[in-house]
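Below is one structure, written out as structure tokens, with a few remarks after it.
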Amino acid sequence: MIQLLEGDRDSRIRRKIGEKLEMKKKLSFSLVTLIAGFMLAIQFNLVNQPVVSDTRDMWELKNDLLKEQQTQAELIEGISKLEGKIASYETKKNESKEEVLRDTLTELKTDAGLTEIKGNGVIVSIQPIKADILLGEKVEYISPVLIIRLINEMYRYGAEEISISGQRYISTSVIRDINGQPKMDGYPLVHYPVEMQAITVNPKKLKQRIEGSELMDDFFIDNFEVQIKVPSGELTLPAYQNAINVEHMEPIMDGGES
């Protein structure tokens, strides 16, 4: 009787052990399947994920590099000018304060465009396309936006000083549409050709850069043609004639009191 009971108990134990082993096998299989599925999902995602790369071609990369080099050259040139001014001030320490102030005032007026300036440069003429090409289309005035973009292009490619229709363009000049007409500092730019003169150290380079600019197509779309030439002699740009309003500045009196 005792042997039968022990046999039944051993049989139940073996059955439970078998059930546990079977459950472990199923659990292990499920876990392996889950891990394998997870890894396949990751691999599928990586394969189908688009590769983000620089889509710029070699020409665009060269242009970007050229822009950075031009910016670096301008910064170096500006530093050299400032160092030259410091050296000049050091040299003039023992000279008359009045003479130093007079030279500084003249220099500031020149930088601000308040004096006449001469130098080599280019002449840019803007006028409507010939009537036989327009086929009866009415020519509107030049867009102030186009003029401003052209000025920015000229400065970008080496222009130092600019005048438009005999009026000096300076940092505070405003070009905008007033009553349907483009005006610069109140002076109308409606008489053709609108002539822009720019002084630069390298007139030929400035001419070539402007001629190759995409902006020329924008002028053509607006029914304007742009002609650029390099004169044989020097250009003379007039001084700025309007008053310059200086804000947020007060004179300092002797003793440091305003």
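Once the Cβ-Cβ distance of ILE221 and GLN181 is raised to the sixth power relative to R0 = 22 Å, the FRET efficiency obtained is 0.60. For GLU140, the accessible surface of its heavy atoms amounts to roughly 110 Å² (probe 1.4 Å, protein chains only, rounded to the nearest 10).
Across the range 213-230, computed HN-Hα scalar couplings (Karplus, 6.51 cos²θ - 1.76 cosθ + 1.60, θ = phi - 60°) run 6, 5, 5, 4, 5, 5, 5, 5, 4, 8, 6, 10, 10, 10, 10, 10, 9, 10 Hz from first to last residue, x flagging Gly and Pro.
Protein heavy-atom surface of the range 150-223, 1.4 angstrom probe: 45% of the accessible area is carbon and sulfur, with nucleic acids and ligands not counted. For the set SER213, SER80, solvent exposure ranked by accessible area (probe 1.4 Å, protein chains only) runs largest to smallest as SER80, SER213. In this simple spin-label model, placing a label point 7 Å from the Cα along the Cα-to-Cβ direction at both THR104 and GLN69 gives a separation of 3.9 nm. For the range 139-216, the solvent-accessible area works out to 50 Å² per residue, with a probe of 1.4 Å and every protein chain left in place.
For the pair ILE76 and ILE148, a Förster radius of 22 Å applied to the C-beta separation gives a FRET efficiency near 0.20, rounded to the nearest 0.05. What the phi angles of the range 171-181 give under the Karplus curve with 6.51, -1.76 and 1.60, with θ = phi - 60°, is a coupling list of 5, 9, 5, 10, 10, 7, 8, 10, 6, x, 10 Hz, glycine and proline written as x. Residues whose amide H falls under 5 Å from that of ARG168, counting only those 5 or more places apart or on a different chain, are GLN241, with hydrogens built in the peptide plane.
The values are calculated or read from the model by the stated rules, or taken from the named source; none is laboratory data. All figures in this text were calculated on a predicted structure; none of them were measured in a lab. Here the Cβ is made from the backbone with ideal geometry for all residues, glycine too, and neighbour counts use every protein chain on show. Remember, those area values only see protein heavy atoms, side chains included, never the ligands or the DNA or RNA. Shrake-Rupley method; radii C 1.70, N 1.55, O 1.52, S 1.80 Å.
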